Amino acid sequence: MSWEFIGKYMPMYQRAAVLTLKIGIIGIAFAILVGLMSALVLYYKVPVIKRIIKMYIELSRNTPLLVQLFFIYYGFPKIGIRLDAEICGVVGLAFLGGSYMAEAFRSGLESIDKIQEESALSLGMTRFQVMRYIIFPQAIATSVPAFMANVIFLLKETSVFSSISLMDLMFTAKDLIGLYYKTTESLFMLVMFYLIILLPVSLLGSLLERRLRYAGFGN
């Protein structure tokens, strides 16, 4: 193990980690938005759109992110749509993550007993008020375990961004291995930086689950 090599190229990994985290956060934010809207469409059984959402979920969940990125990065230019590599990463992550988030939120919404909605409506609340104050808070609390698992999964999926020439952590590791044959050192830094990114997210998820359990949600 060459600590001199690690110290020399540590800044390169730091820059790659920032890029990885930036794309991951933006992509996951859009995935949450897409997933939430899709879950609401499925929950309220909106005609026609419900079928489109179901097709999207099946397509997204049954194709690898790598294939989706290739389609966006190399396929879209064939029809005149050219996207920056970073934008392709965000779009790909949002497309894949949206389907997983949709299923997580949908299961949370459907876990709420219908009698709660009926009782609230009989008391004069509007459907929007019922969703905002009764169903949505409970559904989100119930969805937390699946939600956090999806966040970790999507952050790990950023490792395929190197396939579209993004200077992420995986690209940096492969580049240094190819140039200097320092496989052990390069992979050691790769693992360490992914741990630095993912471990706090995992701990935060566990803490959030315990807080919600103590608060009486998700029982």
(message) Restricting to DSSP H runs of at least four residues, report the calculated mean residue ellipticity at 222 nm for the chain, -39500 (n - 2.57) per run over all residues, nearest 500 deg cm²/dmol.
(response) -25500 deg cm²/dmol
(message) For Cα extents along the principal axes in Å, pick the label among [x] 71, 48, 22; [y] 54, 43, 33; [z] 48, 42, 37 that corresponds to the value derived from the coordinates.
(response) [x]
(request) Report the FRET efficiency, 1/(1 + (r/R0)^6), for Y44 and I152, where r is their Cβ-Cβ distance and R0 is 25 Å, rounded to 0.05. (result) 0.30
(request) Would you kindly state the longest site-free stretch of the chain, with sites defined as trypsin sites (Lys or Arg not before Pro) in a DSSP loop (not H, G, I, E, B) surrounded by at most 12 other Cβ atoms within 10 Å? (result) 83-219
(message) If I fit a long axis through the Cα atoms of helix 183-214 and take the longest principal axis of the Cα atoms of the chain, what angle between them do I get, 0 to 90°, rounded to 10?
(response) 20
(message) Defining a contact as two alpha carbons under 8 Å apart and six or more residues distant in sequence, what relative contact order in percent does the chain show?
(response) 29
(request) Calculate the length of the line joining the C-alpha centroid of region 101-118 to that of region 38-72, in whole Å. (result) 19
(request) Enumerate the calculated ³J(HN,Hα) couplings along region 90-103 in order (Karplus 6.51 cos²θ - 1.76 cosθ + 1.60, θ = phi - 60°), each rounded to whole Hz, writing x wherever the residue is Gly or Pro. (result) 5, 4, x, 5, 5, 5, 5, x, x, 5, 5, 5, 4, 5
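Let me know the charge dipole size of region 28-146 about its Cα centre in debye, to the nearest 20, where only the beta-carbon of Lys, Arg (+1) and Asp, Glu (-1) is charged.
Working: 11 positive and 8 negative charges, 69 e Å.
Using only the charged Cβ atoms, the result is roughly 340 debye.
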(request) Compute the long axis of helix 169-180 from its Cα atoms, compare it with the longest principal axis of the Cα atoms of the chain, and write down the angle in degrees, 0 to 90, nearest 10. (result) 10
(message) I need the phi-derived Karplus couplings for region 151-156: 6.51 cos²θ - 1.76 cosθ + 1.60, θ = phi - 60°, integer Hz, Gly and Pro marked x.
(response) 4, 5, 4, 5, 5, 5
(request) Could you tell me how many degrees, from 0 to 90 and to the nearest 10, lie between the Cα long axis of helix 3-43 and the main elongation axis, the longest principal axis, of the Cα atoms of the chain? (result) 20
(message) Loop-only chymotrypsin sites (Phe, Trp or Tyr not before Pro) in region 125-219, please: DSSP not H, G, I, E or B, and at most 14 other Cβ atoms within 10 Å.
(response) Y181
(request) Can you figure out the FRET efficiency of S2 with S165, using R₀ = 30 Å and their beta-carbon distance, to the nearest 0.05? (result) 0.65
(request) Just grab the label-to-label distance for Q14 and K114, each label 7 Å out from Cα along the Cβ direction, in nm (one decimal). (result) 5.8
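Since every read-out is calculated from the coordinates, none of them should be taken as a lab result. Source: prediction; values computed, not measured. Cβ: placed from backbone, ideal geometry, glycine included. Neighbour counts: every protein chain shown.
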